[in-house]
Amino acid sequence: MGAGRWTARARGVRAAAAAVAALGLLATGCGGGSGSGDGKVTIRYSWWGAKDRAELIQKTVKLFEKEHPNIKVKTDFSEYTDFWSKFNTQAAGGNAPDVFQNSYAFLRKYGDKNLLLDLNGQADAGNLSLKGFRDGLEKAGDIDGKLLGVPVGANTFAFFYNPDSYRKAGVTVKDGWTWDDFFAAAKKVRKSDGTRYGASDNANVMYLYDLYLRQNGKAFFTKDDKLGFTKDDLAEWWGRWQQHAKADELVPGKKSEQAKPKASISADLSASEFTWDNFLVRFAAETKTTLDLGPIPTTDGKRTGQYLSSLMLSGSARTQHPKEVAQFIDFMTHDPEVGKIMGYNRGIPATTAQYDAYQPQGVDAKIAAYEKSVSAKLEPITPHPAGADVAEAAFLRIYAQVALGQTSMGKAVDQFFNEAESALGS
């Protein structure tokens, strides 16, 4: 995700899953980019994100093409859920992009289907350097000995808030605050701010619930590829958020839907929200309201359950141009000018060369300061089994139905467990 965009609509993620599963035996040198009579090679590059990310990436692609005149890059981008729906359809038809943005959550799923290029061979051939990565991130894309992704940036979860709204409400955000403190703050802000709700309703954010579970000695997924919580656990979590939503302290589901593709906080509907820290870059482009980053609420006043996640670049196992794909990934992860252009849009740069080349200013400086402040709290990442993406989409969609009054809590919890356990094969 992190990792990934949790506010996007969660429809269509499962649509092509069955067809994609059949591709494992076919994932050998066909499909992907093309060659031309003039000796140039064309590769296709796809990613998810907003227009601000697209504008920055297009600049880095031009740099790459200038440095590699024999390689032409065709680009394409979508919002998060639309990206994966399109990717599944393309993969099912044997036409996945040669190189694409990926995250840890999807490596095992698509690796198990033999859809991802093992980049170890290209690293051994000298087309991709695995040196100079920060904090051991060169291993982030290693799944069972296969290098299925290379990180371009790293980030962690954060609490976003409007400092003016919180100041007017007399609320101070500080280390060690609890979930009780958070909900009490949302109530105070709602009463004192006549235009904004106290917080966005983030009950359906899988990564946030994962942190809450980790604070309580559990996790969203277990090491044996199962859900790490019970129906009662989920009903308690969703029920608590619904209690505050019904008290008019959280952004109503209908207003959240109407605000998309903006988040509730960047649409100026709420005074606080939870998501990956690098989204501060996107929000700054969507609203003139100043936003700050604060600590994740805790259960015991100490443990936040946070971990470092990465956005990655992966290659298609069906590409006709594995060498050029590896050269492209190498350039995008190591070139200092790319680091200067991208800044912290995809998280703090994963390599020392790009990290040192970029001097963060403005919102990027806030992200850097935030990650430094939580670095001692970071723990190993929660396992993400094949099917994690389907579980995430179901978690997002089904609670949204609760928030919109389309289903009961009991039915929603049962439906989630049925869909998630089916996706996980448990």
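The values are calculated or read from the model by the stated rules, or taken from the named source; none is laboratory data. Here the structure is a predicted model, which means the values were calculated and not measured. Here the Cβ positions follow ideal geometry from the backbone for every residue, glycine too, while neighbour counts run over all protein chains shown. All accessible areas refer to the heavy atoms of the entire protein, side chains included, with ligands and DNA or RNA removed. Shrake-Rupley method; radii C 1.70, N 1.55, O 1.52, S 1.80 Å.
Tabulated results
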quantity	calculated
The chain: relative contact order in percent, alpha carbon pairs under 8 Å with at least 6 residues between	26 percent
The chain: angle of helix 388-403 to the longest principal axis, Cα-based, in degrees nearest 10	30 degrees
Length added when fully stretched, Asp225-Glu421, from 0.36 nm per residue minus Cα-Cα	69.6 nm
Solvent-accessible ranking of Leu227, Leu313, largest area first, probe 1.4 Å	Leu227, Leu313
0 to 90° range, to nearest 10: angle between helix 322-334 axis and the chain longest Cα axis	50 degrees
Whole-Hz couplings from phi, Karplus 6.51/-1.76/1.60, listed for region 265-272; x for Gly and Pro	6, 7, 8, 6, 8, 10, 9, 7
Among Pro322, Pro297, Pro163: highest mean-square fluctuation, GNM of the chain, C-alpha pairs under 10 Å	Pro163
Violating pairs (Cα-Cα greater than 29 angstrom) within the set Lys226/Lys262; Lys109/Lys255; Lys260/Lys411	Lys226/Lys262; Lys109/Lys255
Residue-count net charge about Ile43 - beta-carbon cut-off 15 Å; Lys, Arg +1, Asp, Glu -1	+1
Gain upon complete extension [Lys246, Asp164; 0.36 nm per residue less C-alpha separation]	27.0 nm
Crossing angle, helix 409-424 versus the chain [Cα axis fit, 0-90 degrees, rounded to tens]	20 degrees
Label-point separation, Lys255 to Ser373 (7 Å along Cα→Cβ), nm	2.6 nm
Contact order normalised by residue count of region 115-238, Cα under 8 Å, 6+ apart, percent	13 percent
Kirkwood estimate for the chain, i.e. one over the average of 1/r between Cα atoms, Å	22.0 Å
Computed label-point distance, nm, for sites Met409 and Thr195 using a 7 Å Cα→Cβ extension	3.4 nm
Chain lengthening between Thr89 and Glu337 when straightened (0.36 nm per residue, less Cα-Cα)	85.9 nm
